[in-house]
1. Return yes or no: is Pro58 outside the structural domain of Leu223 (by the TED database) and loosely packed, with under 15 Cβ neighbours inside 10 Å?
2. Are there strands (runs of 3 or more DSSP E) fully within the range 77-172 with at least 3 residues that are under 18 Å from Pro58 (Cα atoms) and in contact with a Lys or Arg (Cβ under 8 Å, 6 or more places away or on another chain)? List them.
3. Looking at the range 56-72, which of its residues are hydroxyl-bearing (Ser, Thr, Tyr), closer than 15 Å to Phe161 by Cβ and in a helix (DSSP H, G or I)?
4. Filtering the range 124-139 down to residues that are open to solvent by 10 Å² or more (accessible area, probe 1.4 Å) and in contact with a strand residue (DSSP E or B) (Cβ under 9 Å, 6 or more places away or on another chain), which residue is modelled with the lowest pLDDT?
5. Do we have Thr197 as in the same structural domain as Asp222 (by the TED database) and not hydrophobic (A, V, I, L, M, F, W, C) here?
6. How many residues does the range 275-298 contain that are among the β-branched types (Val, Ile, Thr) and either assigned by the TED database to the domain that holds Lys217 or without any contact (Cβ under 8 Å) to a residue 40 or more places away in the chain (or both)?
7. Evaluate the range 81-102: report whether one residue or more is crowded, with 22+ Cβ neighbours inside 10 Å and of a type in the set (Val, Ile, Thr).
8. Just give me the residues in the range 22-55 being of a type in the set (Val, Ile, Thr), part of a loop (DSSP other than H, G, I, E, B) and surrounded by 15 or more Cβ atoms within 10 Å (Cβ to Cβ), in sequence order.
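The values are calculated or read from the model by the stated rules, or taken from the named source; none is laboratory data. None of these values were measured; they are calculated from a predicted model. Here the Cβ positions follow ideal geometry from the backbone for every residue, glycine too, while neighbour counts run over all protein chains shown. Calculation scope for accessible area: heavy atoms of the full protein, side chains included, ligands and nucleic acids excluded. Shrake-Rupley method; radii C 1.70, N 1.55, O 1.52, S 1.80 Å.
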Amino acid sequence: MNNFFQARSTPNRSAKDQVLEESKPWVEKYRPKSMSDISSQEQVVRVLQKALTSENLPHLLFYGPPGTGKTSTVLALARELFGPSLFASRVLELNASDERGIQVIREKVKTFSRITVTKTVAGYPCPPYKLVILDEADSMTKDAQSALRRTMETYSKTTRFCIICNYVSRIIEPITSRCAKFRFKSLPIDDVNKRLTEICTKEGVDLARGTMDVLIKVSNGDLRRAITYLQSASSLHQGESIKPNTMSELAGIVPDDDLAKLLQSCETNNDNEIQDAALNIINQGYAADIVVYQLHEEIMKSETINAAQKTEISDLLGTADIRLVQGADEHLQLLRLMTGIASILAK
C-alpha cells in the first residue's frame, strides 16, 4: 500500500515542480546554474574555477555595473563548492541595501560566521568553511562596514565573505584590502544577443525585425533588465510578434518627436515653450533620469553645437543626474536643466 501511494505521489510532485518552474520570473529561471554558464566574464570565471580545486578561497569583492552577473557568479560558485544538499546550510545571502545596519552584522552575520562545519558531500569540494554573500554592500553604513571588517577578521577560519557592489569606492579600505577584487564589465552586444535569442527560442517568443536591437540598446548592457523587458513584452503580446516600439515603451524611452520638441524649445530660448515641453514630458510619466540620458546622447551627436557648449551642457547634465539620484523633484530639475541649456545655446 505504501509503495502504491509513493508511486502515485511522485508524478504529482514533479507536475507541481514543473508548474513552479514555469511560473518563475525569467531572470531566475535562466540564471546561470554553474560557472561554465557565466557569460563574458572569462577572467573571473577562470580564477574562481582554480579556487574550486583548493581550500584556500580568499574573501571576494565583486564590483561593476548592474546586470553583469556578479550575484549569479557567486551563487554558481557556492553550488559547485557545496552542492544542493549543503547549499542552504553553508550559504547566507543578504541584500545589504535592505539589511545594512550594524545590528544585522552583529546578529545575523556574526552568529552564522562563528559556527564551524565539518560535514561533506561526495562529488563536491565542500571546504571547511561557510560563505556569506552581501549584495549591494555599497549601501551599507560606515559603522556596519567597520563591524563587518572586524567579523571578517575574527572568523576568517570558518567563513569566507563575498562583497558585491556597483561602486567599489563606497567600500571602506580595510574591507577592500582583505578581499580579492574582481571587476565585472558590461556584457558585449554579441553575448547579450546570443543569450536573449536562446531565451526567445525556449519560450517561443517572436521578435519583429529591429526589436532585438532596440531591446539591447534600452537595456544598456544590463542583461537582467533586458530579460525582464523581454518577459514583460511577451506577456503583453502572447502569440504575436513583438515590435520595436513595444520595447521602447516598456523601457520608458522618450519618443524622438517629444525629445526634438524639448531641444527645439531650448534653441528658441522661449520660457513658455520650455515650460510646456517640460510639463508635457512629466505629464506623460517619463522618468527625468532617462530624459537626461537621452538629451546627453542627442547633444553629443549634434553637429550644430560646438565643443565648448557641449562641455558646459555636460556639466549641467551631470549636476541634474546626481540631484535626481539624491531625490530632487523631477519637474524642477528638468526645468532648470532646459533653461540652463537654453542660455548656453544662446551665447
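1. Yes: the conditions hold for Pro58.
2. 130-135, 159-165
3. Thr71
4. Here the residue is Ser139.
5. Answer is yes for this residue.
6. 1
7. no
8. Selection gives Ile38 alone.
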